[in-house]
Amino acid sequence: MVPTHRGRISPVLDVARHFLLVDTDGNENDKHRELLIENTQITTRARKIADLGIQVLICGAISWPLESMLVSAGVQVIPNTCGVVLEVVEVFLSGRFTEQAFLMPGCCGRRRRHSNKRQPWDNPRRS
């Protein structure tokens, strides 16, 4: 599933209305279907997306609460992605997708998520 805006990946998932669903059967018979999800609260949005049985969601920016809800529902979220929707989908389905190739401008890579590991810069006693 990819949120779309004028043929490109929508820059912010939390407010995206148009989506492209790609149903793959493992062969070359990929089916594309457009879907409209009205602007709703993020809990409703997360539930609607999860109820579709989505396995992978490729998107631009996404709030941490929405991403956390989707991940908890079993959806693999690939955030901070930009580009022409059909090009990104084609590259993803071919197995050649890399985060760096379609990284949104200003992003330094995937955000750290759901990690309880402390980093050296997290130490409050550091002088």
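Scan the range 103-114 and tell me whether some residue there is modelled with pLDDT under 95, surrounded by 13 or more Cβ atoms within 10 Å (Cβ to Cβ) and not in a loop (DSSP other than H, G, I, E, B). Yes, the range 103-114 has at least one match. If you check LEU20, LEU57, LEU36, LEU93 for being within 19 Å of HIS5 (Cβ to Cβ), of a type outside the set (Lys, Arg) and surrounded by fewer than 15 Cβ atoms within 10 Å (Cβ to Cβ), only one passes: LEU36.
Of the residues LEU21, LEU35, which single one is farther than 19 Å from GLU87 by Cβ and not in a helix (DSSP H, G or I)?
LEU35
The values are calculated or read from the model by the stated rules, or taken from the named source; none is laboratory data. All figures in this text were calculated on a predicted structure; none of them were measured in a lab. Heads up, the Cβs are rebuilt from the backbone with ideal geometry, glycines too, and the neighbour counts pull from every protein chain shown.
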